[in-house]
Amino acid sequence: MMRLTTLFSLILLSIAVAVAGPRQYSSNVEGDVNADGDVNIADVNVVIDDILSPQHNSKCDVNQDGDINIADINYLIDLILTGPVKPSAEVGMYMGIIGYNQNLATMGISRLDSTTVDAFNGFVAGMNTQPGRLMYYSVDQALNALNAADYPVNLRNVALITFTEGLDQGSLMMTDKFDTEAEYAASIQSRILNERIYGRSIKAYSVGLLNPTVKDENQFRSNLYSLASDSANVMEVSTMADVDASFNTIADELTTHNMYEDLTLVFPGVGTGTRIRFTLDDVTEETVNDSQVYIEGTFSLKTRSLTDIIYSGMTCNAGDSVAASSVDGMFVSLLFDGVQLDSEEHIEKDKIQEWYWVEDLNAWTLSTEFSASRIPDPETSYYSALVMLVLDCSSVLEENFGELQTAANNFVGRMEHYTEVPEEPEPVIPGLYTVNGVSFQMVEVEGGTFTMGVDNETVYAGDANIDELPAHEVTVSNFSIAETEVTQELWQAVMGTNPSNFSDDPKRPVEWVTWEACQAFISRLNALTGENFRLPTEAEWEFAARGGNKSMGTLYSGSNEINDVAWYFFNCQSGTPDYGTHAVATKGVNELGIYDMCGNVAEWCSDWYGAYPAEPQTDPVGPEMGTRRVYRGGSWYSISRDCRITSRNGDAPNQGSNEVGLRLAL
């Protein structure tokens, strides 16, 4: 009953268009008679049109019983309800070649890659010239071939490229459908404009070599336009070198936007209604409003999704609402599939930044909890393509035929690499170093002036120690400091040993290293890298811990809430799984993107421990001598007071403990 009711409804909906004459359709998806890439009510309407029409189109015989009637409509309804079966094929470039004169030489459509390219080149080399030009007929057969095979469902480009050096001669003898060449040309043009392959239109190009043997130039040009899907795709040339150049131009057009990437963004969840922008073009707080490449949307805490999404400088298949692909504690992962940058470049994940819109400030504010290092590398894929090359092999080309074969093989070579991931050099990431397979990141710190230490009132109130006096002005020059403490795996890679007490995870910071052992480590590291790594000065350490010129004036490095940024005594208690050190970069970052400057392990500095001077200093290096070397930041065993940015401590350079490690400077 439902099927009969549906049929009556569809007939009523279709009566208005029943007077339309029959149309030509083609598709490789079962039941997709209108060739829009899907099977739905529109296809049923087309079959109803055909039933009511005095003329019939074989494409409407979807159940292939030799007749077009209600059974075909019922068959389509079944496909709509169950879903059509789309053919599947290996992703890649699919290609066929037809050479024509008085006969057709055909290289059937197949996947073009390194294993088949020799067969394509061999076919081109084996073509020869003869009299005759079955131009219309050969293009007709090429269109039939395009429709006959199965292709990958991600097919994007469908191209028909015809090279001709003259007029048609003999095509009318190959069929009884047409009385004149004009009728045949019009039919070819209609097929090119109306047929679809998996819903994709055909990009048809015509390359015409005008030579002295062509007497009817108007007909010659008319042919070129009938073989092209757009006037811009008509290329009239005068030499074989121009033919090769035209083929290269076409290859460039076909490889445009053939790449796409799947991008997963990992960021801390926020309150419902928060507007978030992810910029991909390396902007600053001053230029974020001028970003040209970004993903922007509104976060929903309830559904863990980004809604009302705007894409700038790119296209994306994910749509305007993306739900979390996973949630890990405070972090949400969103997958944006099918991303294509308008620039056609690869996504550089290290340029990605997250911004929140703050209504009170009427401005975008950089998220200090977001780190590009959490983002997986974007996955690059390539769309599939289908190309049919139709080549004039008439005897008039005798002298130039070798050049045509060369141009054709050059084109085949370009197409072979259509979906091949290019071998790109490893990206040069500023500040990234790798030693014996272990990588670490240095962060550039712009120099500046700050107040080092604390004031008298803070000490008198009991909130700081007397050795943090006096507060004094310090200017530091540009330098670099490591994103994390030196890990056990890096120490092992350089020194071949691991002295650490908490040694069950190589990502934990190294500890039980004396100041003197750190100097030996740095000396060997410099020999391996050719750099001049060192320990930071105490002033550099405090400036970086404060967040440099981006400092928000927090008590701890990156936050006023110690649990946000530090492993310390009260979240590393004895008798719990959290006892001891933790893998680096598992707490939040500070304003410069630096981890663990408070807690986890304290960090040796280069200075001797001593009293601060009262007068302003520029690039101070501490006292000239002493008995203890400075370490800063507090450790996993420190109370919060000792993890403050300004807190100081020190020990003999030959002493170590499971609370003290190091961080590199440069």
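Nothing in this text is a laboratory measurement; each read-out follows from the coordinates by a stated rule. These numbers were taken from a predicted model, which means no experiment stands behind them. Please note: Cβ atoms are built from the backbone with ideal geometry, for glycine as well, and neighbour counts cover all protein chains shown.
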*What's the FRET efficiency of residue 148 with residue 579 using the Cβ-Cβ distance as r and R₀ = 45 Å, to the nearest 0.05?*
0.05
*Can you list which of the GluC sites (Glu not before Pro) found in segment 329-430 are DSSP loop residues with at most 11 other C-beta atoms within 10 Å?*
344, 345, 359, 423
*Arrange 497, 537 by Cβ neighbour counts within 10 Å, fewest through most, would you?*
497, 537
_Could you work out how much longer the chain between residue 40 and residue 289 gets when fully extended? Use 0.36 nm per residue separation minus the Cα distance between them, nm to one decimal._
85.3 nm
*DSSP-assigned coil residues among GluC sites (Glu not before Pro) in segment 562-666, each with at most 16 further Cβ atoms within 10 Å*: 624
*How far apart, in nm, are two points set 7 Å out from the Cα along the Cα-to-Cβ line at residue 178 and at residue 89?*
2.6 nm
_Exposure rule at most 12 other beta-carbon atoms within 10 Å, DSSP loop trypsin sites (Lys or Arg not before Pro): the chain longest free segment_ = 303-666
*Scan around residue 511 for amide H atoms under 5 Å from its own, H built in the peptide plane at 1.01 Å from N, and keep only partners 5 or more places away or cross-chain.*
500, 501
*For residue 438 and residue 321, FRET efficiency with R0 = 51 Å and r from the beta-carbon atoms, rounded to 0.05?*
0.80
*Fewest to most neighbouring Cβ within 10 Å: what's the order for 173, 107, 95?*
173, 107, 95
_Principal-axis tilt of helix 135-148 within the chain, Cα atoms, nearest 10 degrees_ = 50 degrees
*Kirkwood Rh over Cα pairs of segment 432-662 into Stokes-Einstein at 10 °C, 1.306 mPa s: D in µm²/s?*
90 µm²/s
*asked:* Students often forget the sequence filter, so: which lysines lie under 19 Å Cα-Cα from residue 177 once same-chain residues fewer than 8 apart are removed?
replied: 59
*Residue farthest toward the positive end of the dipole of segment 264-366, with Cβ of Lys/Arg at +1 and Asp/Glu at -1: which of 356, 339, 322?*
322
*Under a straight-distance cross-link criterion of Cα-Cα below 23 Å, which lysines are reachable from residue 351, leaving out those fewer than 8 residues away in the same chain?*
550, 587
*Name the residues whose placed amide hydrogens come within less than 5 Å of the amide hydrogen of residue 480, ignoring near sequence neighbours (fewer than 5 apart) on the same chain.*
445, 666
*Calculate, in nm to one decimal, what residue 242 and residue 104 gain on full extension: separation in residues at 0.36 nm each, minus their alpha carbon distance.*
47.2 nm
*Hey, with R₀ at 22 Å, roughly what FRET efficiency would residue 524 and residue 451 work out to, going by the Cβ-Cβ distance, to 0.05?*
0.05
*The list (i) 37, 32, 24; (ii) 70, 31, 20; (iii) 38, 36, 31 gives values of semi-axes √(5λ) of the Cα gyration tensor in Å, and only one came from this structure; which label was calculated from it?*
(ii)
*According to a simple spin-label model (label point 7 Å from Cα along Cα-to-Cβ), what is the distance in nm between residue 346 and residue 373?*
2.1 nm
*Any idea what the dipole of the chain comes to, in debye rounded to 20, about its Cα centre with Lys/Arg Cβ at +1 and Asp/Glu Cβ at -1?*
940 debye
*asked:* Based only on other Cβ atoms within 10 Å, what is the fewest-to-most ordering of 607, 176, 230, 564?
replied: 176, 230, 564, 607
*Could you give the nm distance between label points at residue 210 and residue 561, where each point is 7 Å from its Cα heading toward the beta carbon?*
7.5 nm
*Considering only DSSP states other than H, G, I, E and B, which GluC sites (Glu not before Pro) in segment 270-327 qualify as loop sites with at most 11 other Cβ atoms within 10 Å?*
286
*Subtract the Cα-Cα distance of residue 359 and residue 652 from 0.36 nm times their separation in residues, and report this length gain in nm to one decimal.*
100.3 nm
*asked:* List the Cys residues of the chain that have no partner Cys with a C-beta closer than 4.7 Å.
replied: 60, 316, 393, 518, 572, 605
